[in-house]
Structure formats: structure tokens, C-alpha cells
1. Given a 1.4 angstrom probe, I'd like the percentage of the accessible area of segment 255-312 that is carbon and sulfur, rounded to a whole number.
2. Return one whole number: the accessible area per residue of segment 199-264 in Å², for a 1.4 Å probe.
3. Go through segment 250-266 residue by residue and turn each phi into a ³J(HN,Hα) via Karplus (6.51, -1.76, 1.60, θ = phi - 60°); whole Hz please, and just put x for glycine and proline.
4. Sorted by accessible area with a 1.4 angstrom probe, largest first, how do Tyr282, Tyr233, Tyr145 fall?
5. Give the aspartates and glutamates whose C-alpha is closer than 14 Å to that of Lys66, dropping any in the same chain fewer than 8 places away, or say none.
6. Please list, or write none, the aspartates and glutamates whose alpha carbon is within less than 13 Å of the alpha carbon of Lys235, excluding same-chain residues fewer than 8 places away.
7. Would you work out the charge dipole size for segment 194-313 about its Cα centre, treating the Cβ of every Lys and Arg as +1 and the Cβ of every Asp and Glu as -1, and quote it to the nearest 20 debye?
8. What fraction, in whole percent, of alpha-carbon pairs in segment 257-313 exceed 18 Å separation?
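The values are calculated or read from the model by the stated rules, or taken from the named source; none is laboratory data. Worth saying up front: this structure is predicted, and the values here are computed from it rather than measured. When we count neighbours, we look across all protein chains shown, and the Cβ atoms used for this are built from the backbone with ideal geometry, even at glycine. Accessible surface areas use protein heavy atoms only, side chains included; no ligands, DNA or RNA. Shrake-Rupley method; radii C 1.70, N 1.55, O 1.52, S 1.80 Å.
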Amino acid sequence: MAANNRRMSGKKGAQVGSGGQRRRGLEGKGPTPPAEARKGHKKNRIANSKAKQAVRRPVARGRGGKGTSEMVVGRNPVVEALREGVPAVTLYVQQFIDNDERVREALQLVADRGGVHLMEAPRPELDRMTNGLNHQGLVLQVPPYEYAHPEDLAAAAYDDGEDPLIVALDGVTDPRNLGAAVRSVSAFGGHGVLVPERRAAGMTAGAWKSSAGTAARTPVARCTNLTRALEAYKKQGIAVVGLAADGEHEIGDLQALGGPVVIVVGSEGKGLSRLVGETCDYRVRIPMPGGAESLNAGVAAGIVLYEAARRRS
């Protein structure tokens, strides 16, 4: 009985056997986990970002709002818009119009495209619609553009298993430069263009024409505040790279262009605004041995997009 009491006491001592712990310690750790599960791997980063987006982002798209309806006025502008595939709702033709070659081509383009209403209207009505502009008897109504939301651009990239490549325009007011930026983004495999709501060019008929049809497949997002939109991208792990003539880095030296990145292009005259410039993670310059002071936004975006695409290939 005394021996039994000793065994039941709280005295510490070595236990008989290891309970299999040594054997388990010698066993292997199993197969290497997939890339999506390895911390620090590119695919792990993309998977984590997609998971965060799924929590934060509703399924609905197109929350960037709509633009305003636009009128393209005059025979040559109307024909050019129809040739370039600019979206259209209605072609208004003046009653008793002189039926020249441009009028006939406009009517034929509308007939070939389909889905565009053809309306005949008296001259006073067209004068009223165009606020007295010289419409020459032809007016084309362009529907409001459906802008994406800034989050949609990054989400679309992650949905395709790619790092986001986005261009943001800061203070660019010429629609032709916006159209050229859209065209460059499409050419180099980017995921969209971001523009502010105010003091910036929107997707007008001029922007559509400059995009050479690429606006139909490359989204343009609109934000109320560009600085806040860029900060939101940074929280997702996307580098923000601003173009500046006095930038600290040359584009050929910046490794960040090979990963998730937003390229910010300022206006030709003023460059980046102060707050946007301070928000950028990097400020880069494009070397110009020819001595030009600046490039327009569309050309500058195309050069940096080429460098980004080269690093990703």
C-alpha cells in the first residue's frame, strides 16, 4: 500500500517511453505546399489580395457612375465618329438636307452598324439642340459613358491571376490624351485608366476616336478624389509610380514596374499636383537626350507601359 502511495505522489521524474514523439520528429514534413500557400510567393500575394477584394468589394460593377450625353455636330465630325466606332444612340438629319457624299456615308454607316436610331428634324430643332452651332444638318447623339470603379481595375487583374497595371491621369484635360492613354494601356496589356471626376478629361467622342476603338475593351474608372484612390491602391500592395521631370529614378532602373503598379501621369504643363506627387511611392523620369522639356500624357504613358510590359514578359 505504501508503494502505491509513492506512485500516486506528485514527485517529478522521468517518464517511461517517449510516446512516439521522437519517431514523429524524424518524420518528413510532407509535400511542398502549392505556391498560393507559400508566404512571400507572388501567387500567394495575388491569392491574398483576391481574398481581401472578395470581402471588401460587392459583386456589382460599374459603380464609377455615368458621364453625360454628348452631341457630335457637323458632317465631317459625325462621319469620323461613326467610322471610328464611337457609340451612338441617334443620328439626327435635317429635313430637306443637301444630299452630298458625307451625308450618304453617314446614313450608310448607321445602316451597316444597326442599333442607331435615325431621326429627321427641322433646322430650328437642330439649332436648339446644338445651341446654335454650325451642325450642317447632321447631329449624332453619343450615350453617357459607363465608368468603372477604381477597385474594379485591380479586381479584374487579380481575377485573371495577374498583377495590376493601371494608368492614372492627374490634371489631364485634353480628351485626345485620355484616348491615347487608353490605347497604350490596351496595347501593353494594362488593366485600365483612372481619371478624377473634376478638372479632367472624360470619355467624350474625341477620347473614343483617339483610342482607335480600344475604349470598347479597356475600362476607364472615375474617382471623386485621386489622392484617396491612390492611397487605397497602396493599401492593397500596389506601388504608385509618378512621372516627373525631376524624378529620383529613371524608368529603366525601377524594379517596381515589374510588379503591381499604378503609373501616374500629370499634365504636360504642370506635371503632377502636389498632393498626388507626395502620395507616390516613387517618382521616375524618362531620359530625353534630345532635350525636349516634356511629353504629352499619352506618349509618356506609352513609354512607361512598354517598360512595365518588358519586365513582366
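1. 50
2. 40
3. Values, residue by residue: 8, 4, x, 9, 8, 5, 4, 5, x, x, x, 8, 10, 9, 9, 10, x Hz.
4. So the residues, ranked largest to smallest area, are Tyr282, Tyr145, Tyr233.
5. Lys66 reaches Glu146, Glu197.
6. Once the sequence-local aspartates and glutamates are set aside, what remains near Lys235 is Glu151, Asp281.
7. 520
8. Cα-Cα pairs in segment 257-313 separated by more than 18 Å: 38 percent.
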